[in-house]
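K.L.:
Okay, here's the structure, questions in a sec.
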Amino acid sequence: MTVSRAGPIGLAALEARLSEDLAWLELPSKSWVPRRSSHGQDVVDVVIIGAGMAGLVASAKLKHLGVDNHLVLDRALAGQEGPWVTFARMRTLRSPKELTGPAMGLPALTFRAFFEAQYGNEAWENLERAPRSMWMEYLSWYRKVLDLPVRNEVTVGRIHAEADDLLALDIRESDGARRLFARHVVLATGRDGLGGPYVPEIANGVDKRFWAHSAEAIDFARLRAKRVAVVGAGASAMDNAATALEAGAARLDLFIRRPDIPRVNKFTGIGSQGVVHGFAGLPDEWKWRFLDYALKAQTPPPRPSVLRVSSHEQAHFHLASPITDLTVAQDHLVVTTPKGRYAVDFIIFGTGFKVDLDLRPELAEFSPHIRFWSDRFVGPDATANQELESSPDLGEAYEFLEKVPGACPALSRLHCFNYPATLSHGKLSGDIPAISEGADRLARTLVRRMFVEDRERHFESLKAFATPEIRGDEWTDADSNDASLAKPFPSMNGVNVNADE
C-alpha cells in the first residue's frame, strides 16, 4: 500500500490528534491504587530511576494503567538524559527509522509522526536514519505530550529496605537531601545500569590524562593534530574514531583484537514478535545458547560508521592486533601489539560495559543478596561466557531474586529494567525495537502485584460502594396497586382460596 505524500502539519496538529486518540482509548485509565503514608509523608507507588527512553516508556505504561502516583528521577539536566547528546557520537541512530520504539502502539506517538509533522512525508522518504540529536528532541517531546512525572537534577544515593514492605531512597536535589519512600523501585539505568565502563586491565596504572572510555566526556578539540588510538571494532569504537578524525587528529590507529571485523548482525536475522514475546519462555539452556552464540559472533558496526572512519586517509585499521603492552614514554604512550609498536598521544577504549555492583553505591545494601546466573546455572557443554555469567537472574517483573531464599525479601520490590536484564527477558529493556513490549510486561506485572497486595482495601471498597444504578422509581409494583388482589378468590367446592395460598 502506498502512502499519500503530505506536507508538514505541525506538532500542534499532531498533538491534537494524539490527544483525541488517547481520549478515544480512555487513556490514561483512572487512578486506582490506594494511597499510603510512612514517616509522616506520602509513599510513592513506583519510583523509576532514569529518565532515558526506558524510564519514559515505563512511566507512560504505568500512567496509562492508572498508576499515577509514580516518579521518574534523573540526575541529568532536562534534555540530556541518556546517551543521545552526551557520550553517543554517531551521526544517526543505528536502528532503522521505521521502528516504533516507545510509541506503545499509538501511531501519533511514533518518531515518524513526530518527524513528518515537522518536515512532511517526502522528507521522511528521503531520510536514511533518525539523526541522533533529533531522537533526543523526540524523547523530550514524548515526555511533554504525555505529561510524565520526571524530576531532573536528582541524584539517588542509597536504597534501603524498610518495614511495611517499603523501600527508602536517599536523594539529593538543589534544595538539599531527603528520604523518599516507595513501594517499588525500577532501575531504568541503561547499558551500565549495574556497573560501569569496561576497560582492559592493561590500562591500570596508566595516568588518566592519556586515556578515556568511549562513554566518558572527551574534549576532542584537544586531540587536534594528535596521534589517537581507539580500541575495539564495535559501533562505539567507530563513532569515537570518526569524531577524533573529524576534530583534526593527525593520525588514528584502530586496534582490533579479531582477525576480521564482524560482518553479520545475527539477532537482526531472527527478529520477530516470536522472539520478543517468546524468549522469556525458553528453558534456561536455550536462553543461554541463543545469547552466547550471538555475543560471540558480535554485532557489526553500521556500514556508515565504518565508512565515516575509512574516508580519512590518516585512519589505520589494525586487525588481529590485541594490545599486549601499554606504557608511558615521557609525554606519550607506546602501544604494543603482535604486529608492532606505535606511539600515540591519547587512547580511547571502545570496550563496552561490565556488571560490577561495587560501582553502584545505591545498591550496596542489596548487592550481597542479588542472584546472578553464575550462582545457579552452568552453560550447556560448560560454555563459558563472562557477560552472561554476570547477568542478574530476574523474576517475571524484572525483579531481583535472592541468592538465599528469605535472606532479603525486599529484592522483590527492586526491578532491573536495563540492559543486563537481557538473558532473563530478552532484548526488551535496552534497545529501541521492543522497548514498548518490555515496559508493558513490567507495568502489567507491577499492577497485578499491587492489586493483590491491596486486596483487603479493594474488598472494603467493594463493600462500601453504595452509588445506586437503580433508584426505585423506575417501575410500579403491580401487586401493591391492585385492590382486587386483597379480596379472597371465589370459593371452589365450598373452600375459600386466598391469593397467597
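K.L.:
If the only charges are +1 at each Lys and Arg Cβ and -1 at each Asp and Glu Cβ, what is the size of the charge dipole of the stretch 1-97 around the Cα centre, to the nearest 20 debye?
P.N.:
In total the dipole reaches around 480 debye.
K.L.:
Moving on. How long is the gain from residue 296 to residue 375 if the chain were fully straight, where each residue apart is worth 0.36 nm and the alpha carbon distance is subtracted?
P.N.:
Fully extending the segment from residue 296 to residue 375 adds 26.3 nm.
K.L.:
With all protein chains present, calculate the accessible area of residue 42 using a 1.4 Å probe and round the result to the nearest 10 Å².
P.N.:
Result for residue 42: roughly 120 Å² accessible.
K.L.:
In terms of solvent-accessible area of protein heavy atoms at a 1.4 angstrom probe, what is the ranking of 347, 270, highest value first?
P.N.:
So, going from the largest accessible area down, we get 270, 347.
K.L.:
OK, next. Quick one: net charge of residue 39's neighbours, Cβ under 12 Å, K/R +1, D/E -1?
P.N.:
Computed value for this residue: 0.
K.L.:
Tabulate in residue order the Karplus-calculated ³J(HN,Hα) for the stretch 296-307, using 6.51 cos²θ - 1.76 cosθ + 1.60 with θ = phi - 60°, rounded to whole Hz; enter x for Gly and Pro.
P.N.:
6, 6, 6, 8, x, x, x, 3, x, 5, 5, 5
K.L.:
Quick check: Cα centre of the stretch 287-318 to Cα centre of the stretch 343-365, how many Å?
P.N.:
Taking the Cα centre of the stretch 343-365 as reference, the centre of the stretch 287-318 is 20 Å away.
K.L.:
Which three lengths, in whole Å and largest first, does the stretch 384-434 cover when its Cα atoms are put on their principal axes?
P.N.:
That gives 36, 27, 12 Å along the principal axes, largest extent first.
K.L.:
Let me ask something else. For the stretch 282-363, what is the largest minus smallest coordinate of the Cα atoms on each principal axis, given in angstrom and ordered from greatest to least?
P.N.:
Over the stretch 282-363, Cα extents along the principal axes are 52, 36, 26 Å.
K.L.:
Considering only 472, 264, 33, whose Cα is most displaced toward the positive end of the charge dipole of the chain, charges sitting on Cβ of Lys, Arg (+1) and Asp, Glu (-1)?
P.N.:
264
K.L.:
Where in the stretch 353-372 is the amide nitrogen less than 18 Å from a point lying 7 Å along the Cα-to-Cβ axis of residue 172?
P.N.:
359-365
K.L.:
Roughly speaking, to the nearest percent, how much of the stretch 169-259's 1.4 Å accessible area is carbon and sulfur? Intermediate values should be presented prior to the final figure.
P.N.:
Values: 1790 of 3760 Å².
Reported share for carbon and sulfur atoms: 48 percent.
K.L.:
Two decimals, Cα atoms only, Kirkwood Rh: what is Rg/Rh over the stretch 147-210?
P.N.:
1.13
K.L.:
Which value in Å is the Kirkwood Rh of the stretch 357-423 over different Cα pairs? Write down the numbers at each step before the final one.
P.N.:
Numbers: mean 1/r = 0.0803 Å⁻¹.
Here the Kirkwood hydrodynamic radius works out to 12.5 Å.
K.L.:
Let me ask you something else. Once you wrap a convex hull around the alpha carbon atoms of the stretch 132-291, what is its projected area averaged over all directions, in nm²? The partial results should precede the final answer.
P.N.:
Values: hull surface 64.0 nm².
Result: 16.0 nm².
K.L.:
Ok, one more. Can you give me the accessible area per residue for the chain, using a 1.4 Å probe, in Å²?
P.N.:
Value returned for the chain: 51 Å² of accessible area per residue.
K.L.:
For the stretch 341-480, compute Rh as the Kirkwood radius over C-alpha pairs and then the Stokes-Einstein diffusion coefficient at 4 °C and 1.567 mPa s; write the answer in µm²/s, rounded to an integer.
P.N.:
It comes out at roughly 66 µm²/s.
K.L.:
Please arrange 475, 211 by accessible surface area, largest first, computed with a 1.4 Å probe and ligands excluded.
P.N.:
If we order 475, 211 from most to least accessible, we get 475, 211.
K.L.:
On to the next question. Under a Cβ-only charge scheme (Lys and Arg +1, Asp and Glu -1), can you give me the dipole magnitude of the chain about the Cα centre, in debye to the nearest 20?
P.N.:
2280 debye
K.L.:
Sorted from largest to smallest, which semi-axis lengths in Å does the alpha carbon gyration tensor of the chain give for its equivalent ellipsoid, taking the root of 5 times each eigenvalue?
P.N.:
In descending order the semi-axes read 56, 28, 22 Å.
K.L.:
Here's something else I'd like to know. Evaluate 2.2 N^0.38 Å with N set to the residue count of the stretch 14-161, then give the Cα radius of gyration divided by it.
P.N.:
The reported ratio for this selection is 1.15.
K.L.:
Would you work out which of 462, 429, 379 lies farthest towards the positive end of the dipole of the stretch 379-486? Charges go on Cβ: Lys and Arg +1, Asp and Glu -1.
P.N.:
With unit charges placed on the Cβ atoms, the residue in question is 379.
K.L.:
Roughly what % of Cα-Cα distances in the stretch 278-414 sit above 23 Å, to the whole percent?
P.N.:
Above the 23 Å cut-off, the stretch 278-414 has 57 percent of its Cα pairs.
K.L.:
Once the Cα atoms of the stretch 84-151 are picked out, what are the Rg and Dmax in Å?
P.N.:
Expressed in Å, the Cα Rg and Dmax of the stretch 84-151 come to 12.1, 37.
The values are calculated or read from the model by the stated rules, or taken from the named source; none is laboratory data. These numbers come from a predicted model, not from an experiment. Cβ atoms come from the backbone with ideal geometry, glycine included; neighbour counts cover every protein chain shown. In case anyone asks, the SASA skips ligands and DNA or RNA and just uses the protein heavy atoms, side chains included. Shrake-Rupley method; radii C 1.70, N 1.55, O 1.52, S 1.80 Å.
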